[in-house]
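**Student:** Here you go, one structure.
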Amino acid sequence: MSEESSLKSSFSIPQRLDQPSTEIRNFFLNIFDVPPCTAQLEDEVFWIVRDLQSNSIIGAIAAVFQRYGQSDYQECYTLQVGISSECRGQEIGSSLLKAMEQEARQRECIQVRMRTFQDWNLVLDLIEKHGWLRSKARPSERYNFVEEDWILPLPKRPIQVILVGANPNGRGGEWAKAIERQSQLASLTGVVDCSQESLKHWEAKGLPAAADIDDLLEKLDTKPDAAVLALPHSEYSRAREACFRHKLAMLHEKPLGTSLQELIELKEKLETTPVPLIVGVQRRAHPAYIYLHHIVTEKMNDRLPETVYVRLALGHSPSPSPPKEQDLQGAGKRWRDDPRQARGGGLIDLGYHAIDLVHFILDSPLDVTFCSLWKGDSPAFSDEIDDRAVIVGRCGSAWVRIDVDRFGASKEEYMILNFPNMQIRATRDSVEVDGKEQYSCKKSWIKAEEGVVARLAIAPGEPDSLEFWNYYAVMRVIESAKGLAAKAGFKREDFENE
Amino acid sequence: MNEEQFFTTLEKLRLSQAGKGVRQSLNTDPEPLWLQDLLAYSSPLTPKNWKPVGETAISKLILAWKSYFNADYAAGARTFLKFTQEPNSWTRAWAIIGLAKCLTDSLQFKNAADWLLIACAIGRRSEHKDLMARAFGAIGEVLLRSGLPQRALDAFLFDEQLLPYGDRYKGRVMCYKAHAYSRISGAVDTANYAYQLAAHIPGEKTSGYALGGLALLGVNSGRKQLLKEATAGPIEPGKHPGAGWITTAQAYQKFQDGENPREYLKSAYDSFPEVHRLERRWLISFSIALGYPLHEVPGDALNLSLDVPGPADHRDCRHITRFEESFVHGELIDYMIDDDLFSSNDHSTCWKQREVFMP
């Protein structure tokens, strides 16, 4: 028998207790330097692991189960996780988490929640390994550090998802990978794409594939729960119609509509056919921006910054030759260079992200003062594919400037907020206050995408109206900016009717 | 009169064509001398030999602005520099803008932009949008003259939107926008539209400059019709600096058509007021490059060099944020004003060089 398995056999399996005992309280008090919050709560349950030789507690979890009003939705909230220091790294935490998760599933909770602090490295490693997702981050009053909220989504079964717009090398491919990583939450059951090349790719992987949603559904034995839409901008309207027809929940890549008129029509449709709708704008789900949001909304006591600057540049080189007609169709092709399909350039593509980020962080809609759109070094009409957009406006008292560039000398993404006596600079991997790093995380979109898939998996059966109004506000800014930009006050008709 | 009343009066003044209503009310209700100075300064009817009657900061600043308009940049800059530390934010920013304008006309673009960023920040922090508009407009001019018309256009667009509806400076900003478009590839039509509109926006006497710009655009784009439209406008040679540019454009067109441009060059020279020394100096160089030299010799009469320190230690530097800086961004170049500046014998190079001083 190995030393490791001999150690494991010296611990008990997790044991469930309905009442806090003095022994449990003392156990937590020995580990944490502040009294466990379990003392103030009722209806908590505990799972403990004992050392079989000494019979003392060496690991414990405290949790409560909460129901939301009269609804059927229940969730489990983890209050405290503690492992004796000499027993760490021996799977005790895993066994406790599994026991808690098992009961949460039996009670049909939609998720388990937990709050952590950034110096709880062992717990952080443990829960990340167990598929927990970061949902919020904020400065901590408790340890003068950072606290984060995590969720473990618990759908009754993995939802069945189809992918509409399935370019293996594009956004569709990214979503397919996110779904694959979240196999306990979702499974990909089919793909839709107009390109034969893409369809062959997915068929070779054993997935049913078709050129449109209706054809795919005929091929499937079971009706899917949801569709991930990752399409050229002009194609969303038709895809959404099919989703409404088949009552499929939607994970909709941005932009949600390309005009206010399209959004008004979508809203009417959602009222008559209420299906869940989640927009895949990942910055709202990215830890760095979530942390920044909390600094601005909580630590600053709703004081808005004096100025805000947002820069997004992709750092690509523009294609040396204009696209030919055959280049514009199908997956992986240059549809973004075709005004009929893209319905805009930098403003609707990157500008959409930047405007939404400003709305998210400042919690106030942008009132556009001016906008300029550029194609190379020349001004662009608002119906052309602009490479670069400058938007200046105000959010409340804050002056905001957004610079987005489809190309640019290098890939750049940062946001600078200036308060009267403080500057905050956020990138995707850090948040600095007056040049000192306060928060750091991985730059990757992987966790943000997984978070969006999780939201889809546990979405209630109807649309979240806030989700719609968030993106209605973005489109309002884009239309206003376009109106101001159209060669800065001159419309295309001015020239065409000359 | 408190500050609020002052700005209310100023706003009325700005929105009325010549502050007529305000001046009428002053006749019955005498106001401080500095306000009389301000009103007189703002009036298009002010005689050339007018001098301020007050001794306040505003009266002295008005005199400095008069020096600037008379191209006495050294005298203007001296006074403006003194008032860049004023306690009142409005007069401080007004002095900074004046200083930066003197630096701009002396082709010290980097120093001018550094000062203007401070004025922008003061205007923004004190919610004086009129100051913000002036400061961003002045930044636009610096960028335009530095050869960055795309960035200049952003500054002018912001300036335009900051001004209230019907503001008398709208025409001037439209004209600056047109100058920027005229230097941007693929924007000839847009420049034409902007010049035509600027020439007809009432409020400030911009039409001469707009028609001058239109004439230059006509020559640059090879659209003779635009030159024809500019010359058919109401600007008579010798009556407005804009006429200097119209006749300069006519001269170059004549030269390109193989005709003798001498009469037009001379008329252009006479149309530029004496204080427009850079324009006159350039025109002489241009006439030499065309092979039809005007009889005046350049000499060393320019003497526009200004010794103004940068604003590095100014107390408001710390209020400049990336918001303001993002309008300027690129490297600005300061030019040394000397005889070598316009010494090219190649007429197309010399033609292009005017962009350094012609807004």
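**Student:** Out of the residues in segment A:361-383 meeting the condition of being in a loop (DSSP other than H, G, I, E, B), within 11 Å of another protein chain (Cβ to nearest Cβ) and touching a strand residue (DSSP E or B) at 6+ places or on another chain (Cβ under 8 Å), tell me which one is surrounded by the fewest Cβ atoms within 10 Å (Cβ to Cβ). Spell out the reasoning first.
**Tutor:** First pass over segment A:361-383, keeping only residues in a loop (DSSP other than H, G, I, E, B): A:363-366, A:376-377, A:380-383.
Now drop any that are not within 11 Å of another protein chain (Cβ to nearest Cβ), which leaves A:376-377, A:380-381.
Filter once more, so that each one left must be touching a strand residue (DSSP E or B) at 6+ places or on another chain (Cβ under 8 Å): A:380-381.
Working: A:ALA380: 24, A:PHE381: 19.
Among them, the one singled out is A:PHE381.
**Student:** Can you find a residue that is open to solvent by less than 10 Å² (accessible area, probe 1.4 Å), within 14 Å of another protein chain (Cβ to nearest Cβ) and touching a residue at least 24 places away in the same chain (Cβ under 8 Å) anywhere in segment B:105-113? Please lay out each step first, then the result.
**Tutor:** Start the filter on segment B:105-113 by keeping residues that are open to solvent by less than 10 Å² (accessible area, probe 1.4 Å), which leaves B:106-107, B:109, B:112-113.
Now narrow it down to the ones that are within 14 Å of another protein chain (Cβ to nearest Cβ): none.
No, segment B:105-113 contains no residue that is open to solvent by less than 10 Å² (accessible area, probe 1.4 Å), within 14 Å of another protein chain (Cβ to nearest Cβ) and touching a residue at least 24 places away in the same chain (Cβ under 8 Å).
**Student:** Here is a follow-up. Might you check whether a residue that is within 22 Å of A:HIS316 (Cβ to Cβ), at pLDDT 90 or above and of a type outside the set (A, V, I, L, M, F, W, C) occurs anywhere in segment A:413-420?
**Tutor:** Applying the first criterion (within 22 Å of A:HIS316 (Cβ to Cβ)) to segment A:413-420 yields A:413-415.
Subsequent filtering for residues that are at pLDDT 90 or above retains A:413-415.
With the extra rule that they be of a type outside the set (A, V, I, L, M, F, W, C), the set shrinks to A:413-414.
Yes, the conditions are met somewhere in segment A:413-420.
**Student:** Being at pLDDT below 95 and farther than 30 Å from A:MET422 by Cβ is the requirement here; does A:GLU241 meet it? Outline the logic, then answer.
**Tutor:** Numbers: at pLDDT below 95: no; farther than 30 Å from A:MET422 by Cβ: yes.
Here the answer is no, as A:GLU241 does not meet what is asked.
**Student:** Moving on to the next point. Take A:ASP434 and decide whether it is over 30 Å from A:ARG181 (Cα atoms) and open to solvent by 20 Å² or more (accessible area, probe 1.4 Å). Even if it seems obvious, please write down each step before you answer.
**Tutor:** Working: over 30 Å from A:ARG181 (Cα atoms): yes; open to solvent by 20 Å² or more (accessible area, probe 1.4 Å): yes.
So A:ASP434 fits the description; yes.
**Student:** Another question, then. Going by the structure shown, is A:ALA186 within 30 Å of A:VAL112 (Cα to Cα) and surrounded by 24 or more Cβ atoms within 10 Å (Cβ to Cβ)?
**Tutor:** Details: within 30 Å of A:VAL112 (Cα to Cα): yes; surrounded by 24 or more Cβ atoms within 10 Å (Cβ to Cβ): yes.
Criteria met by A:ALA186.
**Student:** Another one. Go through segment B:141-179 residue by residue and tally those that are closer than 17 Å to B:LEU214 by Cα, small (Gly, Ala, Ser) and more than 11 Å from every other protein chain (Cβ to nearest Cβ).
**Tutor:** Going through segment B:141-179 one residue at a time, the tally reaches 1.
**Student:** Name the single residue that is most open to solvent (accessible area, probe 1.4 Å) among those in segment B:191-204 being modelled with pLDDT under 90 and in contact with a Lys or Arg (Cβ under 9 Å, 6 or more places away or on another chain).
**Tutor:** If we take residues in segment B:191-204 being modelled with pLDDT under 90 and in contact with a Lys or Arg (Cβ under 9 Å, 6 or more places away or on another chain), then B:PRO202 is most open to solvent (accessible area, probe 1.4 Å).
**Student:** Still on this structure, please answer the following. Condition check: of a type in the set (Lys, Arg), buried (at least 19 other Cβ atoms within 10 Å of the Cβ) and farther than 21 Å from B:VAL356 by Cα. Does B:LYS170 satisfy that?
**Tutor:** Details: of a type in the set (Lys, Arg): yes; buried (at least 19 other Cβ atoms within 10 Å of the Cβ): yes; farther than 21 Å from B:VAL356 by Cα: yes.
Yes: the conditions hold for B:LYS170.
**Student:** Restricting attention to strands (runs of 3 or more DSSP E) lying wholly within segment A:400-440, give those where 3 or more residues are more than 14 Å from chain B (Cβ to nearest Cβ) and either within 19 Å of A:ILE355 (Cα to Cα) or not basic (Lys, Arg) (or both). I'd like the intermediate steps shown before the answer.
**Tutor:** Working: elements: A:412-419, A:422-426, A:430-433, A:436-440.
The strands (runs of 3 or more DSSP E) meeting that bar are A:430-433, A:436-440.
**Student:** Here is a follow-up. For the structure I just gave you, tell me whether B:PHE255 is assigned by TED's automatic domain parsing to the domain that holds B:LYS352 and at pLDDT 95 or above.
**Tutor:** On the way: assigned by TED's automatic domain parsing to the domain that holds B:LYS352: yes; at pLDDT 95 or above: yes.
Yes, satisfied.
**Student:** It is to be established whether one or more residues within segment B:239-258 are away from chain A (no Cβ under 13 Å), open to solvent by 50 Å² or more (accessible area, probe 1.4 Å), closer than 30 Å to A:PHE370 by Cα and without any contact (Cβ under 8 Å) to a residue 60 or more places away in the chain. Break it down stepwise before answering.
**Tutor:** Narrowing segment B:239-258 to residues away from chain A (no Cβ under 13 Å): B:239-258.
After this cut, where a residue has to be open to solvent by 50 Å² or more (accessible area, probe 1.4 Å) as well, the list is B:239, B:254-258.
From what's left, closer than 30 Å to A:PHE370 by Cα: none.
Scanning segment B:239-258, I find no residue that is away from chain A (no Cβ under 13 Å), open to solvent by 50 Å² or more (accessible area, probe 1.4 Å), closer than 30 Å to A:PHE370 by Cα and without any contact (Cβ under 8 Å) to a residue 60 or more places away in the chain, so the answer is no.
**Student:** Test B:VAL188 against the stated conditions and say whether it is within 12 Å of chain A (Cβ to nearest Cβ), under 25 Å from B:LEU226 (Cβ atoms) and surrounded by fewer than 22 Cβ atoms within 10 Å (Cβ to Cβ). Steps first, answer last, please.
**Tutor:** Details: within 12 Å of chain A (Cβ to nearest Cβ): yes; under 25 Å from B:LEU226 (Cβ atoms): yes; surrounded by fewer than 22 Cβ atoms within 10 Å (Cβ to Cβ): yes.
Judged against the criteria, B:VAL188 is a match.
The values are calculated or read from the model by the stated rules, or taken from the named source; none is laboratory data. None of these values were measured; they are calculated from a predicted model. Ideal geometry is used to build each Cβ from the backbone, glycine not excepted, and the neighbour counts take in all protein chains shown. Each accessible area value is taken on the protein alone, full model and side chains, heavy atoms only, with ligands, DNA and RNA left out. Shrake-Rupley method; radii C 1.70, N 1.55, O 1.52, S 1.80 Å.
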